[in-house]
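Following: one structure in structure tokens, then a few remarks.
The values are calculated or read from the model by the stated rules, or taken from the named source; none is laboratory data. Model, not experiment: these values are computed from the prediction. Accessible surface areas use protein heavy atoms only, side chains included; no ligands, DNA or RNA. Shrake-Rupley method; radii C 1.70, N 1.55, O 1.52, S 1.80 Å.
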Amino acid sequence: MATLDVDPLWDIDQVAAYLGVPKRTLYRWRTLGYGPPAKKVGRHLRYRASDVITWFADLPDHILDERCNG
């Protein structure tokens with residue numbers, strides 16, 4: 001019997017809002033191999049909410065400091 005995955009999928013607008021970055025930044029990060037993991041569903045990117053939250057939580061503090069301080 002298959003189990004249902006109840007982890008919600010976020011679209012790029014939701015991820016951009018959660019992280020406080022423009023969608024363009026997420027697209028750029030993806031081409032650089034950076035950022036939260038995403039999967040293509042047709043032409044659209046989908047992110048597991050838990051993956052985005054974990055990715056952000058695991059960022060080193062110095063990266064967050066650089067972002068906040070310029």
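Filtering the range 9-28 to residues that are of a type outside the set (D, E, K, R) and open to solvent by 50 Å² or more (accessible area, probe 1.4 Å) leaves Leu9, Gln14, Ala17, Tyr18, Gly20, Pro22, Tyr27. Taking the criterion of being more than 8 Å from the chain's Cα centre (by Cα) and of a type in the set (A, V, I, L, M), the residues of the range 35-48 that qualify are Val41, Leu45.
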